[in-house]
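Encoded as structure tokens, the structure appears first; notes follow it.
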Amino acid sequence: MKKNIQIPLGSQHIALVEPVKFRFECENERIKEVSSDVGFVHRGVEQACVSKFKFDAIPYVVARVCGLCAITHSLAYTQTIEEMLEVELNDKIQYLRTLMIELDRIHSHMLCLAHVCENAGFEAMFMDIMAKREPIMTLQELISGNRIQFDYISIGGVNRDITPEIQKRGLEILAALKEEILLYIHEFQNNWSLSLKYKGVGVLTLDEAMSYNAIGPLARASGLATDVRAETSRLPYDKIGYEMVLEHTGDVFARNQVRLKEILNSIAMCENIFEGLPQGEIQQKVKGKPNGESLVRLEAPRGELMYYVKGNAKPMLERVRIKTPTFSCIPAFMEVFKEEVYADAPAILASFDPCLSCTAK
Amino acid sequence: MFSFKWFKKKSPWILHYNAGSCNGCDIEILACLSPKYDLERFGVINCGNPKQADIFLVTGPVTYRSRERLIQLYTQIPEPKVVIAVGSCACTGGIFRSMYNVEDGIDRYIPVDVYTPGCASSPELIMDAVIQAVDIFEHKNQQLQSAKKLYRQPVFEQGRFCVSNVAKSLKDKDE
Ligand code: SF4
């Protein structure tokens, strides 16, 4: 017998700390239709950027759009301003910025993997990954002075230098983490409960990924080769050994694999940066007020982040527009849920690693 | 004998709600539960159901959309309950103070017992806050358990008992 039921998920739910509300239209166990509501955390950051804060304070404001990819937000904004003011930065600053952004990616991906494990009912693995994530937080604290929301990037440079001790400690931490990640890859491929639960669940095919404009790890797990790091050259990714990670099955399992392998790649890049850090100043003089418009794309842990900034030679900007990764991915999310079993919904949701703070701003 | 009092003292459970934060404080709360800090050794467990919760952890400034849920969750938690505001956003609105969709600190809507500063609040601070909250919780619990006096304490007014005033007003009413 067919029976249609509507099941809401959110806005407060154990599987996901973020306030989002989904409404699933289910036929027996299968999800047929999905609608979502993401506006719970809308704070009005864009408006505040053009009416309350001057342009040189905004790096610290836009960092608060999202706690997980704070550094990517402030970096993207800073780059737009630097482009308008025509600042040429030295290698050291660029390398330090890349270092932080990659460390951020590592801890964000690990958090997502931990969530996915928790939603599979594998509590011990959740605890394990969270524990192994802590050294990265410590490293970020050493470099920038805070675990999360490190206001590290300012217009024209970075705010802190790294010492040889930090360099040494960082290399140790990264080497230890690399071992762990290799173990996790093994575990995620062979552990009965993880691979059995996740193979073939929540599939996004390549065609769907293309037509619904998926980005980030979600797209790369379906075999769509899109990554801002490979496309633009504002940061020295070609010099430090960036490689694109692709998987082709498009299910939760593939997304986990993409994340794990990207962590490995990020670790390699961070090690390269630590070993070959150029000499130089960490802060350069910047003069003038931004005039004109500029657009910057960066790869956040969840996909492409786009900043558009328009200024008219006044301390107050005219327009700041933020387009965040999760926002672009929502159509693809909706597609994945259809025809899945309702019981899988939290796990699939966690595997997207959505960031609703970004989306609602 | 089965004693509720004892269990309540030993294991108050936590409910965590994000009222509009940037996720910074939320992942620090998660980090608190992870083995490095391990909040659970104090007997607190992160649960998803307000009816089972005793300590309410709120992060972020209150947005227009989330205030209704905030109050709903607060009212669903049984007495006694303790509210912790985590992060400068939840305390005062933080960097989001007086943005157009934000209602500043959560104490505009619900009474807060412990304020945790910092952006993001570090796990150490959150742990301190929770330990304080456990103390407050015990205190509130004791107050709730003690016998209530139903009569009003006599109040002095201009050196005389107010009671006579009451009597007078009653007499006025009669007339
Ligand atoms: S206090 Fe800071 S880290 Fe915490 S939610 Fe607010 S902006 Fe984010």
Within the stretch A:239-255, track down each residue that is among the hydroxyl-bearing types (S, T, Y) and within 13 Å of A:S266 (Cα to Cα).
A:Y242
Any residue at all in the stretch B:86-99 that's in contact (Cβ under 8 Å) with a residue 12 or more places away in the chain and away from the ligand (no atom under 15 Å from the Cβ)?
no
Would it be correct to say that A:K310 is in contact (Cβ under 8 Å) with a residue 24 or more places away in the chain and not in a helix (DSSP H, G or I)?
no
Can you confirm whether the stretch B:45-64 contains a residue that is part of a helix (DSSP H, G or I) and touching a residue at least 60 places away in the same chain (Cβ under 8 Å)?
no
A:I5 more than 10 Å from chain B (Cβ to nearest Cβ), β-branched (V, I, T) and touching a residue at least 24 places away in the same chain (Cβ under 8 Å)
no
Against the definition (touching a residue at least 40 places away in the same chain (Cβ under 8 Å), crowded, with 22+ Cβ neighbours inside 10 Å, within 23 Å of B:V58 (Cβ to Cβ) and β-branched (V, I, T)), how does A:V62 come out, yes or no?
no
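Can you name every residue in the stretch B:60-85 that is small (G, A, S) and within 11 Å of the ligand (Cβ to nearest atom)? Steps first, answer last, please.
Of the residues in the stretch B:60-85, the ones small (G, A, S) are B:60, B:66, B:85.
Selection gives B:G60, B:A85.
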Provide a single number: the residues in the stretch B:121-148 that are part of a helix (DSSP H, G or I) and either under 21 Å from B:I29 (Cα atoms) or in contact with a strand residue (DSSP E or B) (Cβ under 8 Å, 6 or more places away or on another chain) (or both).
16
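Given the criteria within 14 Å of chain A (Cβ to nearest Cβ), near the ligand (Cβ under 10 Å from one of its atoms) and within 20 Å of B:R67 (Cβ to Cβ), does B:G118 qualify?
Working: within 14 Å of chain A (Cβ to nearest Cβ): yes; near the ligand (Cβ under 10 Å from one of its atoms): yes; within 20 Å of B:R67 (Cβ to Cβ): no.
So B:G118 fails the test.
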For the stretch A:137-188, give me the residue count where each residue is open to solvent by 40 Å² or more (accessible area, probe 1.4 Å), assigned to a helix (DSSP H, G or I) and more than 16 Å from the ligand (Cβ to nearest atom).
17
Mind listing whichever residues of the stretch B:76-120 are touching a Ser or Thr at 6+ places or on another chain (Cβ under 8 Å) and not in a helix (DSSP H, G or I)?
B:I84, B:A85, B:V86, B:N101, B:V102, B:E103, B:D104, B:G105, B:P117, B:G118, B:C119
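The values are calculated or read from the model by the stated rules, or taken from the named source; none is laboratory data. A quick note: this is a predicted structure, and the numbers were derived from the prediction, not measured. In this analysis, Cβ positions are derived from the backbone assuming ideal geometry, glycine residues included, and neighbour counts consider all displayed protein chains. Ligands, DNA and RNA are stripped out before the accessible areas are found, and what is left, the full protein with its side chains, is counted by its heavy atoms. Shrake-Rupley method; radii C 1.70, N 1.55, O 1.52, S 1.80 Å.
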